[in-house]
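Working notes for the structure below.
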Amino acid sequence: MSWGTELWDQFDNLEKHTQWGIDVLEKYIKFVKERTEIELSYAKQLRNLSKKYQPKKNSKEEEEYRYTSTRAFLATLNEMNDYAGQHEVISENMTSLITGELTRYVQELKQERKSHFHDGRKAQQHIETCWKQLEASKRRFERDCKEADRAQQYFEKMDADINVTKADVEKARQQAQLRHQMAEDSKAEYSSTLQKFNSEQHDHYYTHVPNIFQKIQEMEERRIVRIGESMKTFAEVDRKVIPIIGKCLDEITKAAESIDHKNDSQLVIEAFKSGFEPPGDVDFEDFTQPMKRTVSESSLSNSRGDGKSEPKFGGKSKGKLWPFIKKNKLMSLLTSPHQPPPPPPASASPSAVPNGPQSPKQQKEPLSHRFNEFMTSKPKIHCFRSLKRGLSLKLGAGPEDFSNLPPEQRRKKLQQKVDELNKDIQKEMDQRDALTKMKDVYIKNPQMGDAASVDHRLAELGQNIEKLRLEVQKFEGWLAEVEGRLPMRTEQARRQSGLYEAQNTSAVNSCAQDRESSPDGSYTEEQSQETEMKVPATDFDDEFDDEEPLPTIGTCKALYTFEGQNEGTISVAEGEMLYVIEEDKGDGWTRIRRNEDEEGYVPTSYVEVYLDKNAKDVYKSLQKISE
């Protein structure tokens, strides 16, 4: 089956068919090219997706990836990144093995097709030229034959006419012979041209055209084979990456199977365990006997009557009563004055009044009343100290010893800090050892460098190591302090703690009362913490006692004499000038300072306040931020 024999007369259709074949090939190239673009786009989107959900460095998200579920998610993100890489490989291989190769092949195919059809047109033109020559020779032979017949008829006519001279007859005879000779020559030429044309035509249809068409057929068959091979390559490129993609999927499955819910639950305990013990039972308060009323040691306020109340220690009541309530808000609520300030005296000199006005003495209320008030009222920060603490929490800052954290979390943070410092010390020591070796080499081989050039760096490293060791000692001291304060785990430790409690009952009771009545609302550790930690109660307030004194926001003049008899108030004399450090919050009390050691609350109606505008604006803006 050959196009040369079967399609000898379909030159134009073959030309159209081969052009259609090239168009199909170009269409397939375009298809593969768009597929590569899709693969690249898909890979890019996968990479962006993986990058989007990767944990950011030095962020809180990094801490979340210690859980097995989040680590599995991170492994999934990494595998998706590799998965995207395989799609990039598909795109690259298709571009190089299919698109690039077929593009070059199409150019070669077009050139070959052009050459074959040029030869076909040339053969067609040649046979058409031969045909035209044959037609011309045929017409000339036909014309000469007609001329010869006319000349013969004219001669016979002249020869039969008696009136024509012999010369005219001879002339007509010669003309007839000439025409017969020309007809014979034309006949011979026509015969020769005909034979030549037949030969050319035979060669054209049985040799030249079959050869040309055979080449065109082979070209078309090569094109068909090539596009089939490209389709196989198209599939093979995908098949080659399937094992790697399968490994990616297997790793994702492996990561999912590595999730350990028990381990994650334990990590939650380690992350948020405070180290406090649950609060003990609240004692019954018998209101039918107000004079004999006692307050449970786990209450948040203690009796102040005659100082004979006996705090109870030990048992389950040692725990923290409100572990879920923020320190600043709870303590500022419980220490704010609940009674309105006394009205100014009617007489010009209040000092004449025997007993004087009432001080902002805190009224004892049931715990349920305090708790209801806390739940229904908006807590306030009554001083810059609490305000600064609130701002530090908002801004992510905290004390260096992590004393703002619960004991267990503080211990973990301190241990982590000690480990980091030890790593830094090891790095500095490694650098020092390397420089020491380099110095020895310089001493033995002066041509390699100056030994004195590293002395300065060695001195710096020594200073750095010494500073880091001091830091380690400081944090280790805090760590030992915290580990000593954590709830005892052994019976011997409990006995020691009980002995200490028995010896320090009065001191602890006094500290607890001070915390209850402190008007500044600062937070200290609970009573049970103080007894078990075997340190004076005031150690828990180091975080706040070391803070700078509150700045003044204005001045005031005492209009009347006020005798501050209760803790938290301060006595003033009429006409005395003092500094204002905290203005009235709506409760009728203003906080003032006489000097660095004397400050307290006085009724707002007893003083005339002159606030500094700039200090007041700063104070109010900080208050808004903290709220």
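Residues of the range 146-195 that are hydrophobic (A, V, I, L, M, F, W, C) and outside any helix (DSSP H, G or I): Ile162, Val164. Residues of the range 246-274 that are open to solvent by less than 70 Å² (accessible area, probe 1.4 Å) and either in contact with a strand residue (DSSP E or B) (Cβ under 7 Å, 6 or more places away or on another chain) or within 27 Å of Gln415 (Cα to Cα) (or both): Asp260, Asn263, Asp264, Ser265, Leu267, Val268, Ala271, Ser274. Evaluating Asp203 against the criteria (1) among the charged types (D, E, K, R); (2) open to solvent by less than 80 Å² (accessible area, probe 1.4 Å); (3) farther than 30 Å from Glu108 by Cβ leaves one unmet condition, (3). Considering the range 27-52, and only residues there that are under 18 Å from Val225 (Cβ atoms) and open to solvent by less than 70 Å² (accessible area, probe 1.4 Å), the residue that is nearest to the chain's Cα centre (by Cα) turns out to be Val32. For Cys130, the conditions (1) at pLDDT 90 or above; (2) surrounded by fewer than 16 Cβ atoms within 10 Å (Cβ to Cβ); (3) more than 30 Å from Met94 (Cβ to Cβ) all hold with the exception of (2).
Only one of these is part of a helix (DSSP H, G or I), at pLDDT below 80 and open to solvent by less than 80 Å² (accessible area, probe 1.4 Å): Val454, Val482. Name it.
The conditions single out Val482.
Filtered by the rule that a residue be under 14 Å from Tyr105 (Cα atoms) and either open to solvent by less than 60 Å² (accessible area, probe 1.4 Å) or touching a helix residue (DSSP H, G or I) at 6+ places or on another chain (Cβ under 7 Å) (or both), the range 215-240 gives Met219, Glu220, Arg223, Arg226, Ile227, Gly228, Ser230.
For the range 155-177, does any single residue satisfy the condition of being in contact (Cβ under 8 Å) with a residue 12 or more places away in the chain, more than 30 Å from Ile212 (Cα to Cα) and of a type in the set (Gly, Ala, Ser)? Yes, the range 155-177 contains at least one residue that is in contact (Cβ under 8 Å) with a residue 12 or more places away in the chain, more than 30 Å from Ile212 (Cα to Cα) and of a type in the set (Gly, Ala, Ser). Total residues in the range 457-475 satisfying the condition of being in contact (Cβ under 8 Å) with a residue 12 or more places away in the chain and open to solvent by less than 70 Å² (accessible area, probe 1.4 Å): the figure is 9.
Counting only residues that are exposed (fewer than 14 other Cβ atoms within 10 Å of the Cβ) and basic (Lys, Arg), the range 428-451 holds 2 of them.
Does Lys166 count as open to solvent by 90 Å² or more (accessible area, probe 1.4 Å) and at pLDDT below 90?
On the way: open to solvent by 90 Å² or more (accessible area, probe 1.4 Å): yes; at pLDDT below 90: yes.
Spelling it out, Lys166 is indeed open to solvent by 90 Å² or more (accessible area, probe 1.4 Å) and at pLDDT below 90.
Across the range 1-26, the number of residues qualifying as open to solvent by 70 Å² or more (accessible area, probe 1.4 Å), outside any helix (DSSP H, G or I) and among the hydrophobic types (A, V, I, L, M, F, W, C) comes to 2.
Which of the residues spanning the range 405-446 are touching a residue at least 60 places away in the same chain (Cβ under 8 Å) and closer than 22 Å to Val472 by Cβ?
Of the range 405-446, the ones touching a residue at least 60 places away in the same chain (Cβ under 8 Å) are 406-412, 414-415, 418.
Hits for the range 405-446 are Pro407, Glu408, Gln409, Arg410, Arg411, Lys412, Leu414, Gln415, Val418.
Summed over the range 564-610, the residues that are over 14 Å from Leu550 (Cβ atoms) and in a strand (DSSP E or B) give a count of 10.
The values are calculated or read from the model by the stated rules, or taken from the named source; none is laboratory data. Since the structure is predicted, the reported quantities are computational estimates derived from the model, not experimental observations. Positions of Cβ are generated from backbone atoms using ideal geometry, with glycine treated the same way; all protein chains shown enter the neighbour counts. Surface areas here come from the heavy atoms of the whole protein model, side chains and all, with no ligands, DNA or RNA. Shrake-Rupley method; radii C 1.70, N 1.55, O 1.52, S 1.80 Å.
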